[in-house]
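The values are calculated or read from the model by the stated rules, or taken from the named source; none is laboratory data. Predicted model only: the values in this text are computed from it and were never measured. So basically every Cβ, Gly included, is an ideal-geometry build from the backbone, and we count neighbours across all protein chains shown.
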Amino acid sequence: MYFFESLPKHIPRPKAILSPREASQRAEGIRSHLFASWGRLQKIVLAHEETIQKRWKKRTGAKRKQLLQEIEPTLPEQHAPEITALSQPSATQKLNAFLFPYLNLEDLSINNGVQFLGLLHARTHYAPSQFAWFDYNTLHFGIVVGGIDRYHAMDCGMVVFGDEDTYGKVLEYSEPLEKSDETAPDGGQMEFILRESMPFGDGLAVLHTQLKLMDFLLAVVSKILCDVDLATFTPVAPLPPPDILILNTTFQWQSRARLNALKPYRPPPVFSIDEITVIIDSQYELAVQHLADLRTDPIYLAETIASYCAHRIETILTAPLPLIRKRALTLMLSDTYSFFVFYHVAKEIIAEFRVVQAKFPDIPRARELPKEYEDALKNLYPILGLIEKHITKVHHQTMCASSALSAGRSIECNDPTYTKHKITFSPQPGDELYAYMVLLLQEQQTHMWQVSRIFDQLDRLTQDGTARERISPLIGNLLSQWGVVNDCKFILELHRPAVEDDQDLQTGIQERLTKWHPLIASIVSGVSPPTPLADLAFPLTRFAYPKGPKDGAWAAKCQRVDDEFSAFWRTADQWLLKVCGRPLYTLGAEVIAPYRVEPTDWAAVAARKVAIRLKPTPDALVPFGGAEQSPPTEEAVPTVKIKEKTRGAIATSATEEDVDSREREVALVAPTPVSTRAYKVFSALFNAAKDEEIALQQSSVPWKDIQTAFAQLGFELHKTRGSAWTFRHPDGPKTVTVHEPHPSPTMSFWEARRFGRRLTRRFGWTLESFVLDAAAA
């Protein structure tokens, strides 16, 4: 007690200190009750789960809430009750909110009640030990803020894996796990090295939580099956887990937030290299697409530069404009290559680990890992650390300069070079978005609140359009990257026996990532001052293709855009070679090589004859001709050769690259009548494509609507590799390959406008190529 009393006052004290014998007795009483309740619940659900699901779904939302409140009157009303519990007077409500915040009326009743069914299925079909670390992670917030009482046992831990023989067993630090096995680890090794046990106070809190949850689920199930004989059971084939959908989102980071919010209602999270692979692969694809788009699409380059300029903290300090522009360009280019190389290296490390993993197919629990296996998996820590450092350190000022923090932000700078800033945040009553964004910028707060909980609150807040507009695409992307790191580290830390990062970041890079050091060394060491690129980049309107009649003057202006775009990248490449080094620069050039196309002959484009537009006819099935189509009978339509434009054309597969590399015959026909849903899709794509003003837009197009629109035009939709989809028309080689938005199921504004420009280049489509079908209208 003297030790605990000497700690700072904000650190919670244990409710009592127990001897090893007292600790063992207290844990034994709880865990015997826990396994008895779980065993009974398992028998009931395995015999009657189909009936439970049918009866639960047939109830209205109000009836579901009423049933839950009959079982537990103090059940919180709303999502994330642990946050409101900080100021609630009721001790019972606070305790329930901290123990299992996912047990609230809102989450258990929405979406036709499927989340309750998911919770019931998961807690029934998986042993309590499989949820031990997830439940501990859930309790973290309540423990840190003092909302959960804990006991302390002298030099004791609690085993948190296995069945009833081991799970919940109290083990002294000097006591071996198995007395008959001389190689068995002792309690200290189990807790501090293998992490197969946890401190007694934490383990007891987990057991207590699980017992209360089992009793609650038993009571609800018994209520639902009030007319069923629960004394005898007839085993039936187990049902699959309920499908819990992720609701539509605008930003990638919101999708990560919602995945985390659904974890309590799904099977227990476990270490999975496959899951880490999917996350890293998707981010790598996004990084490659971003790099390719910057180097092939002048408008996208201008939009990205404008976004970085708007998020420079020097703009708030009214620094000289040339300084702001140079630093914005520097950060944009270093960001592009940093994230690209980070995810490239992460992919390679995962591939190397898979080779080692195949050598050790059966890793035993509670034993030290093979050194080769452990070292290969440990390599993921430094690369994830680099991404997190890049966001939290490099982009601290970027987030501070965002509009979400403009209300209560104060910035001082007495340095003539504008490199030393003092940033303070004042409370803004009622501005929750501001408050949670400030939490992200404070390391102690993110440790207490956990990034996933802050993201969850931001996700809820930004459902409001006004709040959503305060999160710019650049900030949304940074949050997405942060969420990726957080998720990968969470999955990595679930590996048992544990693989812990025992080195600081710089040491980890030098010792573990020696092979990859030539790629990442320059990024780790910092970015040197850039070659003056501002004169070649500004004004940004020089990268916007002109509108107007397609005559000689128009062609000359378009050619000037291409020339200035090429001049910018020639100069930028000189700086990139110096800063990033040849290995990284060469890797980037190789990756984007398939995305390049031949320069456009603008004079030839201007010389083309204008196609004659016809009124819609039943024969006009798609906006280009085809073997299966009847030619228009009212008036002849000339066939012209359309050569692809230079910039922004992206070939994401060998098939598409071949199609891009040659001229194709495209018969322009009458505008195509389409359904209301399809017309909305093309209106969004091509209105965005025609809008060449450099501004931040935040509209989006659902991916399912895009698929539906192309299906209506007769395209066959083929899922190829990764997230790539090929839309293939039955009429020969007319295809377009596009990456499915991930992890968000919507195509953002920038993605939509780039896709629209691609369709214009590939098929000659514009919004005028489509009309609303009379019947649909």
**Request:** Please work out which residue is surrounded by the most Cβ atoms within 10 Å (Cβ to Cβ), limiting yourself to region 225-242 and to residues that are within 30 Å of PRO745 (Cβ to Cβ) and at pLDDT 90 or above.
**Result:** PRO242
**Item:** Residue count, region 537-556 (criterion: crowded, with 17+ Cβ neighbours inside 10 Å and free of Cβ contacts under 8 Å to residues at least 12 places away in the same chain)
**Value:** 0
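Quick one: in region 75-101, of everything that is part of a loop (DSSP other than H, G, I, E, B) and more than 34 Å from the chain's Cα centre (by Cα), which residue is farthest from LEU218 (Cα to Cα)?
Of region 75-101, the ones part of a loop (DSSP other than H, G, I, E, B) are 75-80, 88-90, 100-101.
In the following step, the residues that additionally are more than 34 Å from the chain's Cα centre (by Cα) were identified as 89-90.
Details: PRO89: 29, SER90: 25 Å.
Out of the qualifying residues, it is PRO89.
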**Asked** Does LYS212 satisfy being under 19 Å from ILE30 (Cβ atoms), out of contact with any Phe, Trp or Tyr (no Cβ under 6 Å at 6 or more places or on another chain) and among the basic types (Lys, Arg)?
**Response** yes
**Message:** Name the single residue that is farthest from the chain's Cα centre (by Cα) among those in region 123-151 being within 17 Å of LEU99 (Cβ to Cβ) and aliphatic (A, V, I, L, M).
**Reply:** ILE148
**Subset of region 106-143 [modelled with pLDDT of 95 or more and not in a helix (DSSP H, G or I)]** = TYR126, ALA127
**Prompt:** Which residue, of ARG460, ARG409, ARG496, ARG468, is within 30 Å of ALA366 (Cβ to Cβ) and among the charged types (D, E, K, R)?
**Reply:** ARG496
**Request:** Please verify whether region 20-40 includes one or more residues that are crowded, with 17+ Cβ neighbours inside 10 Å, in contact with a helix residue (DSSP H, G or I) (Cβ under 7 Å, 6 or more places away or on another chain) and either more than 30 Å from ALA153 (Cβ to Cβ) or among the aromatic types (Phe, Trp, Tyr) (or both).
**Result:** yes
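Would you pick out the residues in region 1-29 that are of a type in the set (D, E, K, R), at pLDDT 75 or above and part of a helix (DSSP H, G or I)?
Within region 1-29, ARG21, GLU22, ARG26, GLU28 meet the criteria.
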**Asked** Does ILE44 meet the test of being more than 30 Å from GLN445 (Cβ to Cβ) and in contact (Cβ under 8 Å) with a residue 24 or more places away in the chain?
**Response** yes
